[in-house]
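Accompanying notes for the structure given below.
The values are calculated or read from the model by the stated rules, or taken from the named source; none is laboratory data. Computed from a predicted structure; not experimentally measured. Here the Cβ positions follow ideal geometry from the backbone for every residue, glycine too, while neighbour counts run over all protein chains shown.
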């Protein structure tokens, strides 16, 4: 039973990762891509790890499960921070928001002098 | 304000100690499981590197001053060498003399004689060296004034 | 007692390694203490290496030291890492110790021009560690590791002054040296992939047991070209004339005197004679490479006006002699080659030290700016004269005997062509050093050098020590002494793969 | 097959070292060469269907010896990586110093030594 | 006081790490126990070292660190967070797979009532992981600039209402 649950969780997790990667390709600019990457990859990896936790605790590999649990905590803390740092860095570096963007209030306090097209860099 | 936003700083505060713990775990259990002096030492160094990234060099160098780091660097290597030389008492260089007099129980922490101690020495060396390399490369600032290029270091001491 | 001497083997690596880390700790505050300690270290290394040399002669067979007491199992599997001391290693390790002693003695005053004494000595000791390890190890991968230790510290030492040309030379040296090391590593990996062994003796056994495959030949080629770069044989010599002159003078002496031999020539002949086994084809390759280096080096040197650069080109040329003689493969040829290798270590380091002494006082390396320095710096000039006569092959000095032996060996082996080239190069060398003497030390004293003084006492002593050695080394030709020093080294190579294996396999049996 | 790929990677690195003019790119080329060798080294120790070479109480020693991958190349790779780190740090330091002195990373403009 | 908190947390994490690496260890002959004394002593030492080296690792107010009320609220918060997290993913999947990609990205400004640094950090990270939003910067400690995948309102108050309020209720209780 637990193996089936593990398998399902891991499959769903990998699927989320896949959608995240598709988003990485399809979205127009750095910020939207970061959104796709962060959300899907975080949840996908977490689901995979939860699968590992269940497998570990039910299958007698307690140490593995516990470490996976620690991994989840660590991932939830750090992944959004990394995304935030990347986005801020990109903005400060001068990467523009792409076409369908409707509003940019951040421009008021952190004006971009240089304009860099992220496709070319 | 040097360094990054409050978010990054807070998260760094939370995680640096955890990274340090994990590195220590890898070093101390290197003879039983995956890990060892080099891998653990690099992770130990990462806990300081992440502090450099978040807070900037100035803040971090207070936590681990450069002179202390340079000394620790030599001390780590010396400790390893002394461990090896002490093996002469067991008859051979590098011989595992602790193991001979106190074998310990299999799958326990103290079961491999000098190997964990050697791991600790290597970890110290690797951690401090990597920290120094990263710090020195990170704290150099290049500024161009006409034809002249100046190197300015952010170091405090 | 003497039979137990091989227990001292790891000390040859441990002492400089330990000091390499202690000296940076101390050198920050007590510079003079660092000087004294460094000199004591190298002096103790000299004592140690002489002890090892004597014990080797008394033992009469290679001593093997297994790290951590890991003996070979009964089935013949080798788990441990070993150090091997045979005649060749003993000779080389003594050379390293002597030259490094002279260099530290010299640098205790010469390095006053630079800061960061502790770091300098630290790197210096690490370089000695690398060379000693490279010489003593009996394991191919450890050979690579020690080679890299020596090489990396030498890159840093070449760049020690942090001036424009030093950095440029160091970068060139680093890139070429690094590519070479990667080649060596790749060769080692290929060997391990095919034969599953890293110990040289076992590797030799397994290589000999099968027909040469494409893989093993590829590995040999990679090792040869990689180590050839380290030894600065001619197609791969581009880095040497930049790197050697740019380093501080004691380091130039170390680099030219022993480094290119310890991690280049020694490693090549070890691999060829004791791992792969000598064949005529390999010998021919070595001879051609040697002759090329010999001729190209000396021709390029003739045209130089930079004192140290000229010496660096002569290093290439003299290394060519060594490789040519060893490539002959005859007992006399190997003996002559090793003899010349030892001589070159002494007189080339002496030449670099005197060039450094001149630079220390005059601040220039250009020959045409000097002149008449013999009046103001008599000791320097005299020791330089001794060294020049040695390298040019003037009779009472050691260089003459080794060159003569090389030429005789060539003739004896029926290689007339190579003998003629050796004679021609010898004449050209003499011409080149007559130029050095004429422009630097004799002739009219220039106005601006009227006030300079002789170099400090310690520097003078180190040069005189080497000059005396230059004369004393001629005694090695005397049969009794030769039997003690050179012949064990010759035998180590000439007995080839078989002899090397037997030395270790015998111990295997007794070690149980 | 894998060996060929590693050698190809090695050649790419070598090509980079030989043809590039930028100091940093040369260093990157060196890095690629080193990684190619390291990868080859790991592949040498690989055993199909092998297990991690860590002793486990649940597994008999004979079976462990028969199935574990060869740990020696891994130790060797670790050593090689340490050496690479040292060389890399040194080369970057020298490159930065060169930039400080010459104001350029172009190797063709850094030509004081000749002969 | 802070160091004691660090010490305790470090020790707990250490115990989790050195959980017997394989339960087969305990099983057959009973010799291997769950935690032996050696690793516990080692853990105490390492935790002490961590507390020595890192001044303020986990908290700035160690007094409330282990108050049960906070932990209760945290446990209550987790399912809410998980719900939004999964909704966020489904939304991204929908956007990614939709042929026209109906996105309307932009950066808006929101305000928060949270005071502590930890609170703001937790809020920002929660925002990043939940539907269509990504924190770009924090200014003055309480103004967040948020990149929004589908901008519903550029107005500050309204955006705050939509983005922030769903977490703020809990986070206020947790990070007092």
Look at the stretch B:29-45 and say how many of its residues are in contact (Cβ under 8 Å) with a residue 60 or more places away in the chain and within 14 Å of chain E (Cβ to nearest Cβ). 7
Assuming residue D:86 fulfils every condition listed in (1) farther than 18 Å from residue D:37 by Cα; (2) at pLDDT 85 or above apart from one, which condition is it? (1)
Specify the residue that is nearest to the other protein chains (Cβ to nearest Cβ); the eligible residues are those in the stretch A:61-81 that are free of Cβ contacts under 8 Å to residues at least 12 places away in the same chain and closer than 16 Å to residue B:15 by Cα. A:81
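Per-residue answers, yes or no, for (1) assigned to a helix (DSSP H, G or I); (2) more than 20 Å from the chain's Cα centre (by Cα); (3) free of Cβ contacts under 8 Å to residues at least 24 places away in the same chain:
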site	(1), (2), (3)
C:381	yes, yes, no
C:385	yes, yes, no
C:401	yes, no, no
C:404	yes, yes, yes
C:407	yes, yes, yes
C:428	yes, yes, no
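For every residue, the table says whether it meets (1) modelled with pLDDT of 85 or more; (2) crowded, with 22+ Cβ neighbours inside 10 Å.
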| position | (1), (2) |
| --- | --- |
| B:2 | no, no |
| B:9 | no, no |
| B:24 | yes, yes |
| B:34 | no, no |
| B:39 | yes, no |
| B:64 | no, no |
| B:71 | no, no |
| B:84 | no, yes |
Looking at the stretch C:150-162, is at least one residue farther than 21 Å from residue C:256 by Cα, within 11 Å of chain D (Cβ to nearest Cβ) and touching a residue at least 12 places away in the same chain (Cβ under 8 Å)? no
Identify the residue in the stretch E:29-58 that is within 9 Å of chain B (Cβ to nearest Cβ) and outside any helix (DSSP H, G or I) and, among all such residues, is modelled with the highest pLDDT. E:54
Output the residues belonging to the stretch C:9-42 that are under 17 Å from residue C:131 (Cβ atoms) and surrounded by fewer than 18 Cβ atoms within 10 Å (Cβ to Cβ). none
Would you call residue E:141 at the interface with chain A (Cβ under 9 Å from one of its Cβ atoms) and at positive phi? no
If you go through the stretch D:1-22, how many residues are modelled with pLDDT under 85 and crowded, with 21+ Cβ neighbours inside 10 Å? 1
Residue E:152 versus (1) more than 10 Å from chain A (Cβ to nearest Cβ); (2) more than 25 Å from residue A:40 (Cβ to Cβ): which is the lone unmet condition? (2)
For the stretch C:436-460, name all the residues that are within 26 Å of the chain's Cα centre (by Cα) and in contact (Cβ under 8 Å) with a residue 60 or more places away in the chain. C:436, C:458, C:459, C:460
Among the residues of the stretch E:85-114, which ones are surrounded by fewer than 17 Cβ atoms within 10 Å (Cβ to Cβ), more than 8 Å from chain A (Cβ to nearest Cβ) and either without any contact (Cβ under 8 Å) to a residue 24 or more places away in the chain or in contact with a strand residue (DSSP E or B) (Cβ under 7 Å, 6 or more places away or on another chain) (or both)? E:90, E:94, E:98, E:99, E:100, E:111
In the stretch C:362-379, what residues are part of a helix (DSSP H, G or I) and either at positive phi or touching a helix residue (DSSP H, G or I) at 6+ places or on another chain (Cβ under 8 Å) (or both)? C:362, C:367, C:368, C:369, C:373, C:374, C:376, C:379
Checking the structure you have, find out if any residue of the stretch C:137-151 is in contact with a helix residue (DSSP H, G or I) (Cβ under 7 Å, 6 or more places away or on another chain) and closer than 23 Å to residue C:308 by Cα. yes
Can we say residue B:49 is at pLDDT 80 or above and out of contact with any helix residue (DSSP H, G or I) (no Cβ under 8 Å at 6 or more places or on another chain)? no
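Just to be sure, is residue E:84 farther than 20 Å from residue A:21 by Cβ and assigned to a strand (DSSP E or B)?
Taking the combined requirement at face value, the residue does not satisfy it.
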I'm told residue C:168 meets every condition in (1) at the interface with chain D (Cβ under 9 Å from one of its Cβ atoms); (2) within 21 Å of the chain's Cα centre (by Cα) except one. Can you identify the failing condition by its number? (2)
Of the conditions (1) touching a helix residue (DSSP H, G or I) at 6+ places or on another chain (Cβ under 9 Å); (2) at pLDDT below 85, the single one that residue B:102 does not satisfy is (1)
Residues of the stretch C:461-506 being within 21 Å of the chain's Cα centre (by Cα) and more than 20 Å from residue C:94 (Cα to Cα), in sequence order, are C:494
Can you give me the number of residues within the stretch A:30-42 that are more than 11 Å from the chain's Cα centre (by Cα) and more than 8 Å from chain E (Cβ to nearest Cβ)? 1
